[in-house]
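See structure below.
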Amino acid sequence: MRILGFLSNEKEPKITSYYLTLNDKNIMLDYGTPINDPIKLKSIDLIFISHSHMDHIYGLINDCLKLRNDARIIATRTTKKIILGLLSHGLIETDNIQMKIIRLSKIEELLFDTEYDYTDFKLTLYQAGHTFGSSMILLDGEKKIFYTGDINFYPNSKLLSYILPDNIYADYLLIDGTNVLRNDFKKQSLSHIKKMIETYDKFYINARAEKCVMIAKYLGIELDDKKKIYYEGDLEWFLDILIEEGYEPFVSLKIRVDNNNLYKSQEGIYLSSVLFREYNNDYNIGLHISMNDYVLFFSHFNSSVKILVGHFFYKDMKKMEDVSYYLMKEGENLV
Ligand SMILES: [Zn+2]
């Protein structure tokens, strides 16, 4: 067994990809960066995609037509739908989009908390809470490996918090937190938005589709009826997925979908994703677990678990003094 952590570069340090060999099968744990080595590319047997963010999927989008036909790709159904939606709505810049949609339509949809038998090993997905459909994976083969992807924690949230049983046994816990900060970061950008809203009668927010939905939810809770919140029509495909996948609470607040500019003349907050790239706004509204909550996360595992720490986590590493861990270095076998 070996786990290779790779491959980011100086410009994009937070891209996430791990190449794991377990029971002689080669498994990608997320696939953020393209693989240039054709031998390595053809060696891949199984790809696990934890969630639909670009730093976890861009390599897969780029390479998917070059993979072996029998290379299996697994994710939750929500993650699969969002990836296909991003592609079909032109929200990912890539070539051969129609062919890629066909290839990625073969992503196998796995349920949470269900053990699947993959002949050489078993695997189970758990809810990660980081974004809609995001998951963690436990691989049970010659060793037991638990990989997190990005995770989030809210004590009373059923939809946007990780959910784990109390006693998970793993030999290795591979944590990949691309943005780990303290608790207060979760509300910072939101108070900035609220200040802007108080200043202007009409307010436009351009963000990634999921961020629009989360901003709307938080604002919807806190704004009362002072200002209406409108989703622009370009978000409808995303809202449809959320409804199909059981995330209605994020769709059904005091929010109108603006399909035909009916509400355009009115005061309010307008949310859209089409201009997101142009304006390059991003809103940090709490998709990641805080440093304060990691001890609780570790408590779900056996005390003998070896903790391997991935990207970006190191920024706040000094706060993990009580925990022994191994800090990932790129391209190095971690085990
Ligand atoms: Zn993410």
- Before we move on, is S161 farther than 15 Å from I27 by Cβ and under 14 Å from the mean Cα position of the chain (by Cα)? yes
- Scan of region 126-177 for residues that are aromatic (F, W, Y), at pLDDT 95 or above and surrounded by fewer than 20 Cβ atoms within 10 Å (Cβ to Cβ), ordered by number: Y169
- Query: Considering region 40-58 alone, what residues qualify as being modelled with pLDDT of 95 or more and out of contact with any helix residue (DSSP H, G or I) (no Cβ under 7 Å at 6 or more places or on another chain)?
  - Reply: K42, S43, I44, D45, L46, F48
- Message: If I ask for residues that are more than 15 Å from the ligand (Cβ to nearest atom), touching a residue at least 24 places away in the same chain (Cβ under 8 Å) and in a loop (DSSP other than H, G, I, E, B), which ones from region 114-156 would you list?
- Response: Y118, D120, F121, G141, E142, K143, Y154
- Query: Mind checking whether some residue in region 255-278 is under 20 Å from L159 (Cα atoms) and at pLDDT below 65?
  - Reply: no
- If you scan region 189-206, which residues turn out to be touching an Asp or Glu at 6+ places or on another chain (Cβ under 7 Å) and either closer than 22 Å to F238 by Cα or small (G, A, S) (or both)? none
- Query: Scanning for something more than 27 Å from Y126 (Cβ to Cβ) and not assigned by TED's automatic domain parsing to the domain that holds F238, does region 67-77 turn up at least one residue?
  - Reply: yes
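The values are calculated or read from the model by the stated rules, or taken from the named source; none is laboratory data. This one's a predicted model, so the numbers in the text were calculated from it and none came from an experiment. Every residue, glycine as well, gets a Cβ built from its backbone with ideal geometry; the counts of neighbours run over all protein chains shown.
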